[in-house]
Amino acid sequence: MQKEVQTHFSKEGYVLPGVEKEKGELMEEEKFWLSYECQLRYLRATKWKLSQAISRLEATLKWRREFGLYAHLTAAHVEPESVTGKQVLFGYDVNGRPGWYMIPSRQNTEDSPRQIEHAVWMLERSIDLMDANVESLDILINFADKAKNPSMSTARTVLSILQDHYPERLGKALIINVPFLVTMFFKLITPFIDPITVQKMKFNPNVVKDGIFTPDMVMKEWWGGNQEFEYKHESYWPKLVELCEQRKKTWMDNWRKLGGTVGIPEVKYKSADAAAPSSAANEKLASPPEMTVETPVSQAA
């Protein structure tokens, strides 16, 4: 079935349906995205229904263009949403999944399209931080300190994007300090969440004792790890952007050397050069004098 998906997107003269012919040819970034593993993720998500998998892939390809992932959604555009550290990439779980922290109490802006764009940008960066043979991430949400909840509209939009355009990407959703109003909020949005996704949600876990994270890969405050962490935007942000850009460039270069076509396995272009395993990257980034445990990209690596 994967070969049939591959044939569909590789055939001569292929253009995205519903797109002007002169603009419908796949761009290099889109061919890179249509990896072997990506095709399998969509096949699994559609329970191995070939036509549905192809339709969903094409819908996502169009959405990625319309959402502006290749031009509009830049680090500079979403940076105003990040200055308080309300979303942070830090550490890996025991299965090598990046940890994506959400801290609603640090909300610094009103509901807007840019809030949603910021979430998608962070999701894309978590994918940049996935090593070979890792395809999913963990979301860690802390509702302590009088969290300001997103609106129902924003929450539903982000959930819809995650489910429709990032299938098979969620490993676990770990949620702590859930007050009554937030519990009611989750009850309201649960009907809009795929049942499989709901099964991945864990409320008030002890992520270290439960064996999800090792202590050195999780924050000490609230989460029970041993990593002291203070968000310093001027240190964290440029290092995160630089690290992700370097990894993506290395992978794209490797992908081109492997032929630069649809269906190249992610494991091949991630392993073809030194996309270092997470522990080695942590050690390397922690070594310069200006890097400290308060500069968390050493953990995000």
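Counting residues that are open to solvent by 30 Å² or more (accessible area, probe 1.4 Å) and touching a Phe, Trp or Tyr at 6+ places or on another chain (Cβ under 9 Å), which strands (runs of 3 or more DSSP E) fully inside segment 122-233 reach at least 1?
Result: 201-203.
Consider S105 against the criteria (1) open to solvent by 20 Å² or more (accessible area, probe 1.4 Å); (2) in a helix (DSSP H, G or I); (3) over 23 Å from W222 (Cβ atoms): it satisfies all of them except one. Which criterion is unmet?
(3)
Among the listed residues A59, A53, A75, A45, which satisfies the condition of being touching a Leu at 6+ places or on another chain (Cβ under 6 Å), in contact (Cβ under 8 Å) with a residue 12 or more places away in the chain and aliphatic (A, V, I, L, M)? Step through it out loud before you land on a result.
Details: A59 fails: touching a Leu at 6+ places or on another chain (Cβ under 6 Å); A75 fails: touching a Leu at 6+ places or on another chain (Cβ under 6 Å); A45 fails: touching a Leu at 6+ places or on another chain (Cβ under 6 Å).
Exactly one residue qualifies, and that residue is A53.
Cβ-Cβ distance below 6 Å, separation of 6 or more or different chains: which pairs start in segment 192-220 with a residue that is touching a residue at least 60 places away in the same chain (Cβ under 8 Å) and end on one that is small (G, A, S)?
Close Cβ pairs (under 6 Å, with a partner that is small (G, A, S)) amount to M217/G91; V218/G91; V218/G225; M219/G225.
Say whether the condition of being open to solvent by 70 Å² or more (accessible area, probe 1.4 Å), assigned to a loop (DSSP other than H, G, I, E, B) and not charged (D, E, K, R) is met by at least one residue in segment 49-69.
No, there is no match, as no residue in segment 49-69 is open to solvent by 70 Å² or more (accessible area, probe 1.4 Å), assigned to a loop (DSSP other than H, G, I, E, B) and not charged (D, E, K, R).
Report, by residue number, each residue of segment 78-91 that is open to solvent by 10 Å² or more (accessible area, probe 1.4 Å) and either touching a Pro at 6+ places or on another chain (Cβ under 6 Å) or polar (S, T, N, Q) (or both).
T84, Q87
Looking at (1) open to solvent by less than 10 Å² (accessible area, probe 1.4 Å); (2) touching a helix residue (DSSP H, G or I) at 6+ places or on another chain (Cβ under 7 Å); (3) within 28 Å of K172 (Cβ to Cβ), find the lone condition where A75 falls short.
Checking A75 against (1) open to solvent by less than 10 Å² (accessible area, probe 1.4 Å); (2) touching a helix residue (DSSP H, G or I) at 6+ places or on another chain (Cβ under 7 Å); (3) within 28 Å of K172 (Cβ to Cβ), the one that fails is (1).
Those residues that are under 20 Å from L258 (Cβ atoms) and among the polar types (S, T, N, Q), I need them from segment 5-59; list them, please.
Listed by number, the residues that qualify are Q6, T7, S10, S35, Q39.
Only one residue in K187, K200 is among the charged types (D, E, K, R) and either under 23 Å from V120 (Cβ atoms) or under 21 Å from the mean Cα position of the chain (by Cα) (or both), so which one is that?
K200
When segment 235-266 is examined, which residues are found to be small (G, A, S) and either modelled with pLDDT under 95 or outside any helix (DSSP H, G or I) (or both)?
G259, G260, G263
The values are calculated or read from the model by the stated rules, or taken from the named source; none is laboratory data. None of these values were measured; they are calculated from a predicted model. Counting neighbours? That spans all protein chains shown, and the Cβs are built from the backbone with ideal geometry, glycine included. With ligands, DNA and RNA removed, areas are computed over all heavy atoms of the protein, side chains included. Shrake-Rupley method; radii C 1.70, N 1.55, O 1.52, S 1.80 Å.
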